[in-house]
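Below is one structure; the comments refer to it alone.
The values are calculated or read from the model by the stated rules, or taken from the named source; none is laboratory data. Please read these numbers as outputs of a predicted model, since none were measured by experiment. Positions of Cβ are backbone-derived with ideal geometry, glycine not excepted, and every protein chain shown enters the neighbour counts. All accessible areas refer to the heavy atoms of the entire protein, side chains included, with ligands and DNA or RNA removed. Shrake-Rupley method; radii C 1.70, N 1.55, O 1.52, S 1.80 Å.
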Amino acid sequence: AFPVPVAAAGRLPAAVADSSVRVLAFNAGRIGSYALAGAFAGMLGSVPALINLAAVQTAAYWLANVMLVLLGLTLMNAWHGLARIEAVGRVAWRRVQPLMRGLLPVQNPLQALALGALWGWVPCGMVYSVLLTAMLSGSALDGALVMGAFGLGTLPMLLAMGMAGAQLRQYLQKRAMRLACGLLGL
């Protein structure tokens with residue numbers, strides 16, 4: 001069973017509680033960067049509406065739907081074209097990645113928050129698909145809400161994985177476990 005991050009922090013070992021806070025901070029940063037990207041996309045999407053370019057909005061709507069279908073095909077391992085689309089994001093990623101190195105290893109919640117905020121800019125076809133939907137939302141606020149909802153939808157799985165990783169790290173630091181792993185490697 002995974003620890004309850006905040007409510008039961010007083011009953012958890014200090015290292016687990018600290019890890020839980022860092023996992024929560026990381027995800028808050030990640031969702032915050034998604035919301036920021038969504039606000040920007042929503043703002044861009046509102047420009048065609050202001051100048052009455054219905055054709056641009058219709059094309060973007062269709063593109064967003066095609067992206068969702070392609071995402072489904074990617075998740076089914078039936079198509080791998082999103083990797084090419086993600087390659088476009090790698091240009092920005094090359095600029096963000098060195099900033100992340102300075103935050104590792106994560107020692108406190110503020111570092112985790114900053115790392116999560118940078119992590120939100122990792123090239124990802126799923127994020128790109130939802131960004132198109134945010135662009136169609138019509139405003140910066142609505143775009144931020146779309147991406148924030150997307151981030152919250154991914155939160156349960158990423159929290160569980162983060163908590164499991166924190167507990168696994170603690171378990172693997174035990175001397176007996178390290179010896180057993182070393183023996184398996186022989």
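Quick one: accessible surface of Leu110, probe radius 1.4 Å, all protein chains present, in square angstrom to the nearest 10.
Surface accessible to solvent at Leu110 totals approximately 130 Å².
Using alpha carbons only, how many degrees (0 to 90, rounded to 10) separate the axis of helix 140-172 from the longest principal axis of the chain?
20 degrees
When the chain is modelled as a GNM with alpha-carbon springs shorter than 10 Å, which of Arg95, Arg22, Arg30 fluctuates the most?
Arg95
Please compute the modelled spin-label separation between Asn108 and Arg169, points set 7 Å along Cα→Cβ, answer in nm with one decimal.
1.6 nm
Kirkwood hydrodynamic radius (Cα pairs, Å) of segment 31-145?
15.3 Å
What is the percent carbon and sulfur in the accessible area of segment 39-136, measuring with a 1.4 Å probe over the protein chains and ignoring ligands?
About 72 percent, which is the carbon plus sulfur part of the accessible surface.
Calculated from DSSP H runs of 4 or more alone, at -39500 (n - 2.57) each and per residue, what is the 222 nm mean residue ellipticity of the chain, nearest 500?
-27000 deg cm²/dmol
Can you tell which of Leu172, Leu155, Leu68 shows the greatest fluctuation in a Gaussian network model of the chain with Cα springs below 10 Å?
Leu172
Rolling a 1.4 angstrom probe over the protein heavy atoms, how many square angstrom per residue are accessible across segment 49-186?
Using a 1.4 Å probe on heavy atoms only, each residue of segment 49-186 averages 65 Å².
Starting from the Cα gyration tensor of segment 69-124, take the square roots of the eigenvalues, sort them a ≥ b ≥ c, and report rounded, prolate or oblate (rounded when a/c is under 1.5, otherwise prolate if a/b is larger than b/c, else oblate).
prolate
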